[in-house]
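What follows is a short report on a single structure.
The values are calculated or read from the model by the stated rules, or taken from the named source; none is laboratory data. Every value quoted in this text rests on a predicted model; they were computed, and no experiment measured them. Heads up, the Cβs are rebuilt from the backbone with ideal geometry, glycines too, and the neighbour counts pull from every protein chain shown.
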Amino acid sequence: MKQLIQSFKTGELGLFEVPAPICQENGVLVHTSVSLVSAGTEKMLVDFAKKSMLAKAKDRPDLVKQVVGKMKKEGVKNTLEKVFTKLDTPIPLGYSLSGRVLEVGKNMSGINIGDRVACGGAGYANHAEINYIPKNLMVKIPDDVDDVDASFVTVGAIALQGVRQTEPKLGERVAVIGLGLLGQLTIQLLKANGCKVIGSDVDPDKISLALQMGADEACNATDLIKKSDEFTNGYGVDAVIITASTASNQPAIDAAEISRMRGRVVFVGMVGMDIPRNDYYKKELDLRLSMAYGPGRYDPQYEEKGIDYPYDLVRWTEQRNFEAFLGLIEEGKISPKKLLTHTFNYNNAMTAYDLLEGKIQEKYLGIVLEYDNEINLAEHKVVKRTDKIISQDKVNLGLIGAGNFTKSVILPNIQKIDDYELVGVCTATGVSAEGTGKKYNFKYITTDSNEIFTNSEINSVIITTQHNTHASLVKKALEYKKHCFIEKPLCIYEEELESISKLYSGESLIQVGFNRRFSPMVQTMKNHLHGQMSVNYRVNAGIVPKDIWIQDRELGGGRIIGEVCHFIDTCSYLIDSDITSVYASTVQKSNQSIPDEDNINVILNYSNGSTATIAYYAYGDTTMAKEYIEVFANGVSMEMHDFRELVIYENGKKKKEKSSNQDKGFTNEFKAFNEAVRTGVSAISFDSIYNTTKTTFKILESINTGILVDVK
């Protein structure tokens with residue numbers, strides 16, 4: 001299928017052939033009929049992507065500061081590699097469409113194949129022939145509403161939420177600053193609510209259109225203060241809704257000037273917000289922000305998992321705003337189609353963006369793309385990119401998952417090693433598949449993991465998906481007799497570990513992404529050690545917000561399972577023994593913005609008599625180095641600082657080793673996996689992987705019980 005994609009790095013924009021998304025359990029697949037080009041939002045994205053690297057940096061000084069901080073910790077080379085990889089990520093365009101349901105997820109009810117639906121959401125309702133839409137980001141289209149009108153649903157919900165935040169009352173006088181799509185729809189909504197409306201803009205055509213859409217008065221922005229005074233008989237407007245898009249602070253200044261005492265000012269558009277305090281203070285103005293489509297926006301529980309807010313407590317969610325907007329169209333109170341200036345066939349979508357970029361000298365407002373009626377979903381699961389011949393003498397990889405870590409760390413390190421062949425890549429979205437496939441020259445791209453497991457050219461798979469999928473994908477790799485590199489953790493539940501253990505025979509290898517044991521500094525430490533020892537591993541981990549998926553027990557397993565496993569493995573590698581028991585305690589805090597589990601002390605006891613402690617803290621200052629290891633053994637002491645400095649104390653002498661860049665062992669890790677596949681000898685024994693993974697579950701048990709727990 002085709003999808004409109006732009007390179008964030010170069011600004012290149014085009015229609016690309018990508019695999020169709022997979023229908024997940026909490027949503028549907030939709031064949032797009034019409035998608036709306038949001039002239040304001042999309043022009044801003046396109047213009048930003050086309051800027052030079054320097055101009056992008058000037059626009060985002062906050063990100064530049066983060067990059068400089070990362071350079072100090074990880075080194076210039078490592079940081080720049082990650083930055084350029086991030087910039088090279090392609091982005092989908094579009095966020096509002098109408099279409100027909102092609103496939104229904106197993107948790108869906110009340111929706112059937114063939115139903116017409118209106119859909120919203122950046123990253124979901126894309127300019128693509130087929131889109132996966134979660135349940136709360138779509139609504140059925142009433143019979144009397146056509147696909148073109150319905151395609152305005154997202155912009156309509158944004159305008160509607162802005163009006164809701166304003167809380168207009170019957171007969172109030174309201175000003176709308178900015179008469180683009182949002183402003184024109186806002187005027188219609190306010191009129192439907194029984195308000196008197198004055199609008200302003202710098203474009204005379206938009207001023208004229210506003211009057212046609214029902215505005216009682218419309219004027220040039222320079223005349224707004226005078227006209228508002230006349231419009232309100234000198235009292236000032238009851239409310240102002242700012243729907244303009246400009247870096248200027250003038251709309252905020254004008255809003256205060258034209259408002260009555262204790263009036264309301266609502267910011268919907270992207271404008272300068274250097275608020276003139278005196279003007280707002282003296283009138284005691286009520287300043288409000290409107291959050292896009294409404295409650296639920298940016299909440300993954302609502303948008304991704306489909307968990308709705310209680311109807312009686314949150315009356316107007318983003319989905320219910322979608323429904324209300326379509327209802328107003330059905331009643332004839334809103335007419336989005338009257339705002340339409342251009343219609344293009346989807347195959348000619350680039351012409352629409354030529355219009356936005358000024359390559360075509362025509363005025364525009366509402367722009368829609370119309371799609372062909374027929375599409376066969378079965379034909380769009382795989383896209384072949386090259387005809388390269390795959391030799392069976394190499395380690396031929398199928399990659400499942402291509403998130404930021406995979407693209408910035410895993411793939412660049414694999415590229416450094418000979419005798420790997422990149423055959424197929426499977427990602428959740430066609431955009432990611434296309435970008436990864438193109439950059440790393442994969443033979444084919446797909447969104448269906450079965451296409452990786454069943455491909456006879458692939459002998460090894462790399463799995464870097466969300467943690468909750470790891471166990472099932474590892475078991476599938478074993479069933480299809482593929483060697484498997486699984487980014488940590490191996491799994492997130494103890495039952496999953498036992499089922500993998502039963503299935504594992506050694507015929508196909510499993511290697512978990514415990515990269516730190518392959519770090520040159522850790523290996524140097526290992527070479528100086530023998531006998532019993534004590535290891536102290538301190539981790540200044542930093543905060544991961546509770547709404548990030550890794551903190552979700554069902555998706556990521558939490559940070560003990562998802563990250564502390566790294567440090568357990570490193571300790572076990574240095575000690576060269578199995579853990580027999582574990583005791584763990586957490587910091588007990590009343591403030592639960594950081595889970596107690598994210599600040600933990602762990603004591604590990606080993607069968608050879610050694611011990612290790614892991615001190616893992618999230619609430620420290622991130623300017624401090626992240627990882628620090630101390631080892632005390634027979635006649636030797638060592639300290640390692642964040643994989644950039646190693647100090648060895650031995651025989652009364654001090655030896656220091658430094659590196660300008662961190663080396664956490666990623667390249668050596670994939671060298672080891674390559675060698676393991678070729679020789680059939682695991683780089684990390686399955687028994688060690690099992691012991692480390694089991695220990696993470698026993699840490700949680702120790703936290704809950706407050707006692708020492710055996711690791712069996």
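None of Arg277, Arg264 is basic (Lys, Arg) and in contact with a helix residue (DSSP H, G or I) (Cβ under 9 Å, 6 or more places away or on another chain) except Arg264.
Give the residue, chosen from Phe442, Phe405, Phe453, that is at pLDDT below 95 and of a type in the set (Phe, Trp, Tyr). Just a single option satisfies the conditions, and that option is Phe405. Listed by position, the strands (runs of 3 or more DSSP E) inside the stretch 274-373 whose residues that are among the β-branched types (Val, Ile, Thr) and in contact (Cβ under 8 Å) with a residue 12 or more places away in the chain number at least 2 are 340-345, 366-370.
Taken as a whole, the condition of being among the small types (Gly, Ala, Ser) and at pLDDT 95 or above does not apply to Ser659.
Evaluated against (1) in a loop (DSSP other than H, G, I, E, B); (2) surrounded by 15 or more Cβ atoms within 10 Å (Cβ to Cβ); (3) over 21 Å from the mean Cα position of the chain (by Cα), Val544 falls short on exactly one condition, (3). Report the residue count in the stretch 222-270 for those that are farther than 19 Å from Gly40 by Cα, touching a Gly at 6+ places or on another chain (Cβ under 8 Å) and β-branched (Val, Ile, Thr). Total satisfying the criteria: 3.
Could you give every pair whose Cβ atoms fall below 7 Å, whose first residue belongs to the stretch 576-600 and is in the same structural domain as Pro545 (by TED's automatic domain parsing), and whose second residue is surrounded by 15 or more Cβ atoms within 10 Å (Cβ to Cβ) and of a type in the set (Phe, Trp, Tyr), counting only separations of at least 6 or pairs across chains? Listed pairs, sorted by first residue: Ser577/Tyr606; Asp578/Tyr606; Ile579/Tyr606; Thr580/Tyr606; Ile594/Tyr619; Asn599/Tyr617; Asn599/Tyr619; Ile600/Tyr616. Taken together, Val636, Val631 contain a single residue that is more than 30 Å from Val587 (Cα to Cα), modelled with pLDDT of 95 or more, β-branched (Val, Ile, Thr) and more than 30 Å from the chain's Cα centre (by Cα), which is Val636. In the stretch 579-633, of all residues being touching a Lys or Arg at 6+ places or on another chain (Cβ under 9 Å), among the hydroxyl-bearing types (Ser, Thr, Tyr) and part of a loop (DSSP other than H, G, I, E, B), the one that is farthest from Arg553 (Cα to Cα) corresponds to Thr623. The set of residues in the stretch 594-610 being within 16 Å of Thr696 (Cα to Cα) and touching a strand residue (DSSP E or B) at 6+ places or on another chain (Cβ under 7 Å) consists of Asp596, Glu597, Asn599, Ile600, Asn601, Val602, Ile603, Leu604, Asn605, Tyr606.
Can you tell me how many residues in the stretch 381-399 are assigned to a loop (DSSP other than H, G, I, E, B) and of a type in the set (A, V, I, L, M)? Residues meeting the conditions: 2.
Within the stretch 667-689, one or more residues are within 25 Å of Tyr606 (Cα to Cα), hydrophobic (A, V, I, L, M, F, W, C) and assigned to a helix (DSSP H, G or I).
Inspect the stretch 645-654 for any residue being touching a residue at least 12 places away in the same chain (Cβ under 8 Å), under 30 Å from Leu399 (Cα atoms) and exposed (fewer than 13 other Cβ atoms within 10 Å of the Cβ) and give the result as yes or no. No; the residues of the stretch 645-654 include none that is touching a residue at least 12 places away in the same chain (Cβ under 8 Å), under 30 Å from Leu399 (Cα atoms) and exposed (fewer than 13 other Cβ atoms within 10 Å of the Cβ). In the stretch 135-179, the residue that is nearest to Glu303 (Cα to Cα) out of those that are of a type in the set (Gly, Ala, Ser) and crowded, with 24+ Cβ neighbours inside 10 Å is Ala157.
Could we say that Val271 is buried (at least 16 other Cβ atoms within 10 Å of the Cβ), assigned by TED's automatic domain parsing to the domain that holds Leu181 and at pLDDT below 95 here? For Val271, the condition - buried (at least 16 other Cβ atoms within 10 Å of the Cβ), assigned by TED's automatic domain parsing to the domain that holds Leu181 and at pLDDT below 95 - is met.
Of all residues in the stretch 547-569, which are outside any helix (DSSP H, G or I) and of a type in the set (Asp, Glu)? Correct list: Asp547, Asp552, Glu554. When the stretch 424-440 is filtered for residues that are without any contact (Cβ under 8 Å) to a residue 60 or more places away in the chain and surrounded by fewer than 22 Cβ atoms within 10 Å (Cβ to Cβ), the ones remaining, listed by number, are Lys438, Tyr440.
The selection criterion, being in the same structural domain as Val28 (by TED's automatic domain parsing) and assigned to a helix (DSSP H, G or I), holds for Asn136. Of all residues in the stretch 391-419, those satisfying the criterion of being buried (at least 19 other Cβ atoms within 10 Å of the Cβ), under 22 Å from Leu4 (Cα atoms) and among the small types (Gly, Ala, Ser) are Gly401, Ala402.
Taking helices (runs of 4 or more DSSP H) as the structural unit, those lying wholly within the stretch 143-255 and holding at least 1 residues that are over 19 Å from Ser96 (Cα atoms), free of Cβ contacts under 8 Å to residues at least 12 places away in the same chain and among the hydroxyl-bearing types (Ser, Thr, Tyr) correspond to 204-212. If I ask for residues that are of a type in the set (Val, Ile, Thr) and either surrounded by fewer than 23 Cβ atoms within 10 Å (Cβ to Cβ) or not assigned by TED's automatic domain parsing to the domain that holds Pro276 (or both), which ones from the stretch 232-266 would you list? Within the stretch 232-266, Thr232, Thr246, Ile253 meet the criteria.
Within the stretch 283-301, the set of residues being farther than 18 Å from Leu313 by Cβ and of a type outside the set (Phe, Trp, Tyr) comprises Lys283, Glu284, Leu285, Asp286, Leu287, Arg288, Leu289, Ser290, Ala292, Pro300.
Mind listing whichever residues of the stretch 502-515 are part of a helix (DSSP H, G or I) and surrounded by 22 or more Cβ atoms within 10 Å (Cβ to Cβ)? Scanning the stretch 502-515 gives a single hit, Asn515.
Within the set Ser501, Ser534, the sole residue that is more than 21 Å from the chain's Cα centre (by Cα), touching a residue at least 12 places away in the same chain (Cβ under 8 Å) and assigned by TED's automatic domain parsing to the domain that holds Gln662 turns out to be Ser534. A single entry from Lys363, Lys359, Lys388 fulfils the requirement of being at negative phi, surrounded by fewer than 18 Cβ atoms within 10 Å (Cβ to Cβ), at pLDDT below 95 and in the same structural domain as Ile458 (by TED's automatic domain parsing): Lys388.
If only residues of the stretch 8-57 that are surrounded by 15 or more Cβ atoms within 10 Å (Cβ to Cβ) and among the charged types (D, E, K, R) are counted, the one that is modelled with the highest pLDDT is Glu42. Can you find a residue in the stretch 101-113 that is touching a Ser or Thr at 6+ places or on another chain (Cβ under 9 Å) and not assigned by TED's automatic domain parsing to the domain that holds Gly403? No, the stretch 101-113 has no match at all. Annotation: Lys476 fulfils all but one of (1) assigned to a helix (DSSP H, G or I); (2) surrounded by 23 or more Cβ atoms within 10 Å (Cβ to Cβ); (3) not β-branched (Val, Ile, Thr); the unmet one is (2).
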